[in-house]
1. With contacts defined as alpha carbon pairs under 8 Å and 6 or more residues apart, what's the relative contact order of the range 1-160 in percent?
2. Tell me, what ³J(HN,Hα) does each residue in the range 127-143 have, in order and in whole Hz, if you take phi through Karplus 6.51 cos²θ - 1.76 cosθ + 1.60 with θ = phi - 60° and put x for Gly and Pro?
3. With contacts defined as alpha carbon pairs under 8 Å and 6 or more residues apart, what's the relative contact order of the range 1-73 in percent?
4. Can you send over the carbon and sulfur percentage of the accessible area for the chain, probe radius 1.4 Å, protein chains only?
5. Add +1 for every Lys or Arg and -1 for every Asp or Glu among the other residues with Cβ under 11 Å from the Cβ of Met146, and state the total.
6. Which residues' amide hydrogens lie under 5 Å from the amide hydrogen of Gly64, considering only partners 5 or more residues apart or on another chain, with H built in the peptide plane?
7. Please enumerate, by chain and number, the lysines with C-alpha under 28 Å from the C-alpha of Lys120, excluding those fewer than 8 residues away in the same chain.
8. Amide H of Val129 versus every other amide H placed in the peptide plane: which residues, excluding those fewer than 5 positions away on the same chain, fall under 5 Å?
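The values are calculated or read from the model by the stated rules, or taken from the named source; none is laboratory data. Only a predicted model underlies this, so the values are computations on that prediction, with no experimental measurement involved. Counting neighbours? That spans all protein chains shown, and the Cβs are built from the backbone with ideal geometry, glycine included. What goes into the accessible areas is simple: the full protein's heavy atoms, side chains included, and nothing from ligands, DNA or RNA. Shrake-Rupley method; radii C 1.70, N 1.55, O 1.52, S 1.80 Å.
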Amino acid sequence: GNKNMNAKLVLLGDVGAGKSSLVLRFVKGQFVEFQESTIGAAFFSQTVAVNDATVKFEIWDTAGQERYHSLAPMYYRGAAAAIIVYDITNQASFDRAKKWVLELQAQGNPNMVMALAGNKADLLDARKVAAEEAQTYAQENGLFFMETSAKTASNVNDVFYEIAKRLPRL
Ligand code: GDP
Ligand code: MG
């Protein structure tokens, strides 16, 4: 039968990786070149249909700055899913993503569905993080991996759809 569920989802990752841009693309179908930095966190919601179910994502887009780190548990605690975002043109952002994964593995909900998103995939000429390296890392750590572009919309809906498919059904 039909099943509707709500799922709390948090985006984590370095400032500038494109978390807010991914959410803006997913929720409003828009992209802006000069996206303002997020202060604290911002809330959005969007619904995805998967087979006979609809999943209403309650999305917390966090800031990413170190000075807001102590607030992060408020957003990932109780979350059914997390998208850890890095920028494929920025090695430090990939290192930061791995730290988020460690923190979620230690402190997060053990059944959390985790996605690793290598964003800015449109900037291939500036790539610093190989897709194979990220894929291997994701596989070893039980995440699923996709390269995304909030700018071109590549794989953006797909990440949310894949999460929705993997959520434990009520
Ligand atoms: P956040 O700090 O993680 O929320 O990152 P933002 O969403 O604020 O994005 C930081 C900057 O990167 C902004 O100038 C965005 O326009 C840009 N940006 C975000 N996603 C992409 C993308 O997929 N491709 C390109 N080329 N730029 C992006
Ligand atoms: Mg932001």
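1. Once normalised by length, the contact order is 26 percent.
2. Karplus values, whole Hz, x for Gly and Pro: 4, 10, 10, 5, 4, 5, 4, 5, 4, 5, 4, 4, 4, 5, 10, x, 9.
3. Computed over the range 1-73, the figure is 42 percent.
4. 49
5. Summing Lys/Arg as +1 and Asp/Glu as -1 gives -3.
6. Correct list: empty.
7. Reachable lysines: Lys8, Lys19, Lys28, Lys56, Lys98, Lys99, Lys128, Lys151, Lys165.
8. When sequence neighbours closer than 5 places are left aside, the close amide H contacts are Asn90.
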